[in-house]
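One structure is given here, and the rest of the page talks about it.
The values are calculated or read from the model by the stated rules, or taken from the named source; none is laboratory data. Since we're looking at a predicted model, the values are computed, not measured. Quick reminder, even Gly has a Cβ in these numbers, built from the backbone with ideal geometry, and neighbours come from all protein chains shown.
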Amino acid sequence: MAGSEDKQMLTMAELLAQEEGFLRVVQSGEIVKGVVASKRPGEILVDVGAKSEGIVDPKDMSNLSPEELADIKVGDTIAAYVLSTQADEEGPRILLSLTQARVEKDWDKAEEMFESGETIASAVIGSNKGGLIVNFGRVRGFVPGSQLDNAQFGGSHRPDRWAQLSGETLTLKIIEVDRSRNRLILSEKAAAAETRKEREKEKSQFLSELVEGDVRAGRVTSLANFGAFVDIGGIDGLIHLSELAWTHVSHPREIVKVGDEINVYILNVDRGKQRVALSLKRLEPEPWSQVFDYYQINQVVDAVVTNLTDFGAFARIDDRIEGLIHISEISNRNIAHPGDLLSEGQELKVKIIHIDPDRRRMGLSVKGVEGQENWDEYQTQPDEEENEQ
């Protein structure tokens, strides 16, 4: 029996030894995961798998907000930083910090982002004579003044300009991480350069996918005297004035306005200069090829005067085609200049007297419209009446 008891005792000892082997040994400076064993005012005990439970430093608890403390519940698995493992009169004592664990996690993330070269968005929380102070989680970072992309914010001294940035969110890139010295340096210039690099890469990729003759959806972003710029989803292309319509256009605003959503025809892609020429008129049939489907000689149509010259006036019909009213077809009497009776933007009826699709020319007449032979006399009659008065 004694031998049997010894054998049983030996087995128990072995089991205890085995159990002891499963207990982890924690060291100061490491981050451990544990389960909240108990929680009461001023004390949180955490089972970290060691011989004794860890206790959260009471000073550390004061760094947590009431909301953060309320979120911690018995049974939760949390990360904790081991401050010390010294023993006291009550036995081994593992002192933990929850805030420092979060700080260390942020340092880990900072090192990862430094290695990957990622950019981050961070709010400015203050400034000093050297630059700006920002938050990276629970780690404070510093943006030297020399690393700001644009510091022109008024004030005769740089710190005055930087103070105006408090509360602003900047796009930054980590350029130095030194955990031992609590040093985290960030740069707005490096982030801007990275952003430009990415945009150029995306732009080149976008250009490589564009094919002349394609039709793309776009949005008009700006107007200039020579044309309209359209964002086609990765680059701004230009619709030259001559490509806005088959008729004469004096300014892009006659056809489009900023903000318009339109479809455009890819006319030309210059990948070397990263330029894209677009067309709006190419989405419609060339009107001269179908001119006799819509117009005939002696037909009377509504027109709008688009341009005045010494020899006549150009007029647009149905926003589709443009013809010339020769000066001799404006009035039955001699006039010195078309501007004596006509003005740009004026609406009137005209008769089609000539169509030449090969030369893309159409002759129009004002005086040839029935009942309008002496229309110029009616034009001047009000002035004559005023003179008589």
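Within the stretch 191-205, residues that are in contact (Cβ under 8 Å) with a residue 40 or more places away in the chain sit with their Cβ atoms under 9 Å from residues that are acidic (Asp, Glu), at 6+ positions apart or across chains, in these pairs: 191/149; 192/149; 194/118. Taking first residues from the stretch 302-331 that are free of Cβ contacts under 8 Å to residues at least 24 places away in the same chain and partners that are assigned to a loop (DSSP other than H, G, I, E, B) and not small (Gly, Ala, Ser), the Cβ contacts under 7 Å between residues at least 6 apart in sequence or on separate chains come to 327/311; 327/335.
Taking the stretch 71-91 as the range and being over 18 Å from residue 35 (Cβ atoms) and either in a strand (DSSP E or B) or at pLDDT 85 or above (or both) as the test, the residues that pass are 83, 84, 87, 88, 91. For the stretch 260-274, indicate whether the set of residues that are touching a Ser or Thr at 6+ places or on another chain (Cβ under 7 Å) and more than 30 Å from residue 211 (Cβ to Cβ) is non-empty. No: zero hits. Here is the figure for the stretch 271-287: residues that are in a strand (DSSP E or B) and either exposed (fewer than 13 other Cβ atoms within 10 Å of the Cβ) or not hydrophobic (A, V, I, L, M, F, W, C) (or both) total 2.
Evaluation of residue 290 against the conditions (1) out of contact with any helix residue (DSSP H, G or I) (no Cβ under 8 Å at 6 or more places or on another chain); (2) loosely packed, with under 13 Cβ neighbours inside 10 Å shows that the sole unmet condition is (2). If I filter the stretch 170-182 for residues that are basic (Lys, Arg) and in contact (Cβ under 8 Å) with a residue 60 or more places away in the chain, do I get at least one hit? Yes; the residues of the stretch 170-182 include at least one that is basic (Lys, Arg) and in contact (Cβ under 8 Å) with a residue 60 or more places away in the chain. Collect the residues in the stretch 256-289 that are without any contact (Cβ under 8 Å) to a residue 24 or more places away in the chain and touching a strand residue (DSSP E or B) at 6+ places or on another chain (Cβ under 8 Å), keeping them in residue-number order. Once the filter is applied, which keeps residues that are without any contact (Cβ under 8 Å) to a residue 24 or more places away in the chain and touching a strand residue (DSSP E or B) at 6+ places or on another chain (Cβ under 8 Å), the stretch 256-289 yields only 270.
Might you check whether a residue that is basic (Lys, Arg), surrounded by fewer than 16 Cβ atoms within 10 Å (Cβ to Cβ), outside the structural domain of residue 165 (by TED's automatic domain parsing) and in a helix (DSSP H, G or I) occurs anywhere in the stretch 48-69? Checked against the condition, which is being basic (Lys, Arg), surrounded by fewer than 16 Cβ atoms within 10 Å (Cβ to Cβ), outside the structural domain of residue 165 (by TED's automatic domain parsing) and in a helix (DSSP H, G or I), the stretch 48-69 yields at least one hit. Among the residues making up the stretch 290-301, those that are in contact (Cβ under 8 Å) with a residue 40 or more places away in the chain and not hydrophobic (A, V, I, L, M, F, W, C) are 295, 296, 298, 299.
Here are 122, 166, 180: which of them is in a loop (DSSP other than H, G, I, E, B), of a type in the set (Ser, Thr, Tyr) and farther than 30 Å from residue 279 by Cβ?
The conditions single out 166.
Tell me, yes or no, whether the stretch 251-270 has at least one residue that is out of contact with any Gly (no Cβ under 8 Å at 6 or more places or on another chain), part of a loop (DSSP other than H, G, I, E, B) and within 25 Å of residue 325 (Cβ to Cβ). Yes, because at least one residue in the stretch 251-270 is out of contact with any Gly (no Cβ under 8 Å at 6 or more places or on another chain), part of a loop (DSSP other than H, G, I, E, B) and within 25 Å of residue 325 (Cβ to Cβ).
The residues in the stretch 298-323 that are among the basic types (Lys, Arg) and over 46 Å from the mean Cα position of the chain (by Cα) can be counted, and the count is 0.
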